Every structure is written in C-alpha cells, then in structure tokens.
Amino acid sequence: MTQYIPEPTLGRLPWYLAYVSMLRASDVDYVSSTAIARELNVDPSQTAKDLSFLKIKGRTRVGYSVSELEQKLTQFLGFRRQHLAVMIGCGSLGRALIADSGLQRFGLRIVAGFDTDPALAGREVDGVGIYPMSSLEEMRPRLGAEIAVIAVPVDKAQNAADHAVAAGIRALWNFTPFRIRTREDIIVQNTSIYSHLAVMYNRLASVTPSPCKQ
C-alpha cells in the first residue's frame, strides 16, 4: 500500500528538489536539513520531517548526500516515470502547455489535444495532434492516457471533466477557476493561475512602496 503523504509535504518536496539540483550543479557534495530550511524559509524540524518520508539518512555533522537526495526526490515524486496525458482545451494556454518541454522533464507527456472548436481539429502543436472533443472516449484507450489537463473556459470545465471521466481518465489537472465535482476515486488537482494573480495583486495594493533614495 502506498504511504500517505500530507499534501503540504508533497508541495514542498519539489522545492527541495530544485534546491539540491542547484547544489549538485555547483559541485556541492553534502547539505544539512538546516541549510535547506534556511534557503527555502521552512522550519528546520519540518524539513527533517518532510525528508524522513524518503527513507534517507543524513550523516552526523555532514548532512545529506546531495546526489543521493536529488535521486531519491526525483524517484519519490514520480518525475522519472512517464505519465501520459491528454489536453482538453487547445486555446492559447492549452497549446502552450502542449509545447512546454519542461513538463516532459518532470514525467508528464501530453499525447493528444481535444477541443470543441472544429477549426482546431486536424492541427498539430509540436507534433501533438488536436482532435474533436467527441472522439475522446474512442481514442483514450488507444492513447493510454490516465490524466487530462483541463484548460477550457470556466463554464465548460464541468462538462469537460465529465467527458474525461466517462472516457476512463483517472486524474484531472484543472487550470480553470471552477471547482470540478466528480467521483471520489478521481484525483483532481486545481492550479488556478487567476487565483494566484488575485493574491499577488492584493499584496501589491496593501504594501506601501519604499521611497526612492536620491
């Protein structure tokens, strides 16, 4: 049985990975949990607890092996396994995600795009074909995709999710600000860039700019 990992911990692990990857590129051999915590502004005890899920032990007064920690984090997070996905909604955001080679480096390969716009059917983005939404259920088993990335207008999000689940999709990566409702066994990960923009704008408005030095 897969060990349950608290969501906040899962959210921090990629930050740890990014940091230790930078250390490895700089030929640093060892790093302590305290140094990682200080760099990422996390409580040291929390960092040690997070890393304990990796079943890796640091050396006293030396810390963790950077190369081993990077390897363990990459493997633990699933970035070395290939996960096949379909893109639902092939507007500007959808096409940008299809073309993003960085996703493949983290294990996500978008194998096809689907859209309700007839003008998009038959097009390709970086070699990935775009098909009518009506063909998703027929094509999904052949594509082998278990993940659907959803980037449709907000009023189409629930319908897109319903189609994906009916086609056999097991996980939804939702880029819309709509909170999708679906079966309990379907994984839904919400990534609303608009929500993050709202937070940033609010913080900007509440902070008084520092006076410019003459």
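The values are calculated or read from the model by the stated rules, or taken from the named source; none is laboratory data. Please read all numbers here as calculations on a predicted model, not as lab measurements. Because the Cβ atoms are built from the backbone with ideal geometry, glycine has one as well, and the counts that use them run over all protein chains shown.
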Quiz item: Got a number for residues in segment 177-192 being of a type in the set (A, V, I, L, M, F, W, C) and either in contact with a Ser or Thr (Cβ under 8 Å, 6 or more places away or on another chain) or within 13 Å of Val154 (Cα to Cα) (or both)?
Solution: 3
Quiz prompt | Test: Ala119 is more than 29 Å from Gly11 (Cβ to Cβ), more than 22 Å from the chain's Cα centre (by Cα) and at pLDDT below 95 | solution = yes
Quiz item: Within segment 109-150, which residues are among the polar types (S, T, N, Q) and either surrounded by 14 or more Cβ atoms within 10 Å (Cβ to Cβ) or under 15 Å from Leu172 (Cα atoms) (or both)?
Solution: Thr116
Quiz item: Among the residues of segment 151-167, which ones are over 20 Å from Ser192 (Cα atoms) and either among the polar types (S, T, N, Q) or surrounded by 13 or more Cβ atoms within 10 Å (Cβ to Cβ) (or both)?
Solution: His163, Val165, Ala167
Practice problem: Give, as residue ranges, the strands (runs of 3 or more DSSP E) completely inside segment 93-186 that count at least 1 residues that are without any contact (Cβ under 8 Å) to a residue 40 or more places away in the chain and closer than 24 Å to Thr74 by Cβ. | Solution: 108-115, 171-174
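Considering each residue of segment 17-43, count those that are in contact with an Asp or Glu (Cβ under 7 Å, 6 or more places away or on another chain) and touching a residue at least 40 places away in the same chain (Cβ under 8 Å), and give that number.
4
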Quiz item: Of the residues in segment 50-78, how many are in contact with a Ser or Thr (Cβ under 6 Å, 6 or more places away or on another chain) and of a type in the set (D, E, K, R)?
Solution: 2
Quiz item: Any chance segment 200-209 includes a residue that's modelled with pLDDT of 95 or more, surrounded by 10 or more Cβ atoms within 10 Å (Cβ to Cβ) and polar (S, T, N, Q)?
Solution: no
Quiz item: Of the residues Glu137, Glu146, which single one is farther than 30 Å from Gln71 by Cβ, at pLDDT 95 or above and either out of contact with any Phe, Trp or Tyr (no Cβ under 6 Å at 6 or more places or on another chain) or among the aromatic types (Phe, Trp, Tyr) (or both)?
Solution: Glu137
Exercise. Return the pairs, sorted by first residue and then second, in which the second residue is at pLDDT below 85 and assigned to a loop (DSSP other than H, G, I, E, B), the first residue lies in segment 44-68 and is in the same structural domain as Gly11 (by TED's automatic domain parsing), the beta carbons are less than 6 Å apart, and the residues are 6+ apart or on different chains.
Key: Phe53/Ile5; Tyr64/Gly58
